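The numbers here are math on the coordinates, done by the rules we state, and not lab data. Note that this is a predicted model, so its numbers are computed, not measured. Glycine gets a Cβ as well: all are built from the backbone with ideal geometry, and neighbour counts include every protein chain shown.
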Amino acid sequence: MATEIDLSSPQARRRAKTDARLREALAGLAGNPSAEPTVAALARAAGVGRNIIYTHHAGVLDGLRALQSQRAGANETTAREADRTRSALRDAEARSAALATHNASLLKRAVDAEQRAERLERRNAQLVQELDRIRRPIPIRPSAEAHDPSAV
């Protein structure tokens, strides 16, 4: 019955309409995560002054404060998650740098081993040629026919 009496006066109807607009604007702020949930933003969205919210609409103000604390908790959670992500990224970058260094050292070792193998193959070829030259039969005496001075 008290609500019927309240709605009978023009001031009560105006206050009820303002309350409805404020609650609609509050729902709009709650639905838009990029909007900042402040009294000024709520007043702009509802088309009323901030003073009206503070003086006559404590329920809407409580709803706004609840939204602010909810967003603050979400922001803290997001900040903690961002910190964890940054930390994981730094760890991954450090591991990547360590792996790159290790990879470079392995590549240098492989290149050095290939160069050493090439040098050893060339040396082996030289030694094989020298062995072949040493193993060739060498005449102890030169051929008598080719160099016989008395045959002339």
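Structure data summary
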read-out	value
Highest-MSF residue in the chain out of ARG23, ARG109, ARG86 [GNM, Cα springs under 10 Å]	ARG109
Helical mean residue ellipticity (222 nm; -39500 (n - 2.57) per DSSP H run of 4+; nearest 500) of the chain	-28500 deg cm²/dmol
Residue among ALA92, GLY49, GLN70 farthest towards the positive dipole end of segment 43-126, charges placed on Cβ	ALA92
Of ALA35, ALA113, ALA79, the one that fluctuates the most in a GNM where the chain has Cα springs shorter than 10 Å	ALA113
Among LEU26, GLN11, VAL39 the positive-end extreme of the charge dipole of segment 3-44 (Cβ point charges)	GLN11
